[in-house]
Structures are given as C-alpha cells and as structure tokens.
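Report on one structure; see the data block that follows.
Laboratory data are not the source of any read-out in this text; all were calculated from the coordinates shown. None of the values given here were measured: they were computed from a predicted structure. Note that we place each Cβ from the backbone using ideal geometry, even for glycine, and neighbour counts take in every protein chain shown.
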C-alpha cells in the first residue's frame, strides 16, 4: 500500500491524489459577492429554468458536473464513481441532477461538511487504486433549504444577526491518480485528510449554526495538527466552511485554549462569499454549496497562481433534521479536514 494511517484520525497519502478539474455554479446573489469573478457560471433565475427550487438545485448540480467533466478533457466513461450529497431530504438535489450521467453514485450526507466528506472519500478511493478518476459534488439552494429547515420564504420571518444565509451553489471536482499520463505538477494535491467526529456541545439554536459547528471544527483541526505533527504556521490559510462571523470567533478561542492560535491564518468561506452591503446575510453564508464553490473558484485559483502553497480546508456541518429539531434535540456538529498543496513550477 502507498497510503498510511497517521495518529487517531488521519491519512497521509504517499502518492497524493490530484484535483484535475473543478467547476462552480452559483445564483445571482453569490455572483454579486466579492468572489463572483471566480465562479464558472452565475444564474440569475433562482429556479434555474425549472418549476421549483428543488428541481433548480438538481439542474445546478447537473451543470456543475457537466462543466467539471468538460474542463477535465476526460471522456465521461473514464469517471468510475461519483460521491455526492446535498441538504434536501433523501438527497433529491443530487440524485435527480445526476440520474442521466450513468455513473455509479455514492450518496452522502454530512450536512454542510459534505464537500469535505466527498473529497476525502474520493481521495481515499483513488489513492487506494480502486479508481483512476472519481468525481465529488455537493450543492445547496437558499429557497429549498429555508423551506425544509425553517420557514417558507413567503412567511417573511425576521432572522437574528447570528443567522447565516444558505448559499445557492454547486461545486464539482474530479480527483485523479498521480500517474505518467498527465502533467500533474499544475494540479493541487490532496496530501492528507483528517476525518472528523460528531461533536455536541448542547446547542439547540438552529439560527446560530456557527455555534453548533465551531466545536467540531476545533476538534478536527486540533487532531489534524496532532496526527500530522504540524503547526498552524505551516499553512498559508486554514479555511473553514461556513462558521460565519459568530462561529469563527468561537473556533479561534477554542483552539487558543488548546495551544493553537490560527487567528492569522484563518479564513471562513461563509464570511468571504458575501460582502457587508448584502445585509440580509447577517453572519455570512452557509450550506453545502458554500465551501464547495469557494474551493472550486477562489481557493484553487490562489493555489494554482502560487499565491498559497498549502491550505487546510475544513468544511463544517450541523447535523440536524426537521424531526430532531422539532423533538427538541441538540444540534451536533461535524467537520472534515483536507491538506491541499500546490507544488512549485520549479524543481
């Protein structure tokens, strides 16, 4: 085997898989934010030409996957598996969006951490030699998520400042083996992963997702540092998925209490995807699509331009459902960490 388990929860790849292609499809509001120029497609119709938000999310997934395959230059039959998921019940955004591709599918649910989960499983599958090319995809839609988890948009309820705005977006990635057939130096490499645990601090407020997820993010980042014997200063950026402004503050404090200060390196996709003028977003962005489109657009761009050499990418998720929330249960969190590096162009 060319892979090795490290510490309690991590894998360090001796032959790291590479991300040879990525695509991002977003809604109009995301396109108006500070990262708008990095996305592949910006759709002004919130239904994406379909009859409902849910069908619109499936169309968004279809476009992201199609674009990633086209950009890779691969024939569709060269992709052995898809790992994908979303926030909707029974993953209908993913399944209806992918049903015509005729590629074997693993449907995943990790809430807003699903981008990290799908990329981790894709990297493991490729590195173990079970497939040469695997696709990872995830998505979320503001209208569909609000309708399922909170209130219909027509209700017009007020949202507290701790609330985040579900990103309408889908990110797709093709993860491939390192071999002699492609010039792999240009592609970002997934050099290690740390799989997160379910962490529950007893938070029950579904309009404060950052507080629910921050403990899980702190737990997996700490374990990643410990397992890989790394320090926060070895990363250009430590990027969480969608903690927002509230959750980011909690994360930094929790890690400081455990001997790591990531305040200089930390970036949160949810904080960066919208600007201060987009006032309805309050604490920032959230949803499966938040970290996915930020990685596919802004983060990988900076890696390929050699502005960053090494990042720790940590999508975060709140593990609630309408059933658990209505029964008064707590909202546990989970997060998964991936070390993504870009080799220098020079030997």
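So in the chain, what percent of DSSP beta bridges are antiparallel if you round to the nearest 5? List each step's numbers first, then the result.
Details: 37 of 58 bridges.
Given both bridge residues lie in the chain, the antiparallel proportion sits at roughly 65 percent.
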Next item on the list: Once you have the Kirkwood Rh of the stretch 3-176 from its Cα pairs, apply Stokes-Einstein at 4 °C and 1.567 mPa s and quote D in µm²/s.
Entry: 77
Notebook entry, point to check: Mind ordering 29-37, 242-250 by average Cβ neighbours within 10 Å, highest first?
Noted result: 242-250, 29-37
Check: How large are Rg and Dmax for the chain when only the alpha carbon atoms are used, in Å?
Finding: 18.5, 59
Margin query: I want to verify a result. In a Gaussian network model of the chain, Cα cutoff 10 Å, which of these has the top mean-square fluctuation: 18, 311, 323?
Written below: 323
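If each residue of separation counts as 0.36 nm, what is the full-extension length gain between residue 323 and residue 257 once their alpha-carbon separation is subtracted? Display every interim value, and only then the final one.
Working: separation 66, 0.36 × 66 = 23.76 nm, distance 3.43 nm.
Between residue 323 and residue 257, full extension yields 20.3 nm more.
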Margin query: Principal axis extents for the stretch 190-341, Cα atoms only, whole Å, descending order, please.
Written below: 47, 37, 24
Notebook entry, point to check: Looking at the stretch 190-341, what % of its DSSP beta bridges pair antiparallel, to the nearest 5?
Noted result: 65
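Just from its helices, what would the mean residue ellipticity at 222 nm be for the chain, if runs of 4 or more DSSP H residues each count -39500 (n - 2.57) and the sum is divided by every residue, rounded to the nearest 500 deg cm²/dmol?
Theoretical 222 nm ellipticity from helices: -9000 deg cm²/dmol.
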Notebook entry, point to check: For the stretch 190-341, what is the relative contact order in percent, using Cα pairs closer than 8 Å and at least 6 residues apart in sequence?
Noted result: 38
Notebook entry, point to check: Over what distance in Å are the Cα centres of the stretch 63-117 and the stretch 288-332 separated?
Noted result: 16
Note to self: Among 56, 116, 241, which one shows the highest mean-square fluctuation when the chain is modelled as a Gaussian network with alpha-carbon springs under 10 Å?
What the structure shows: 56
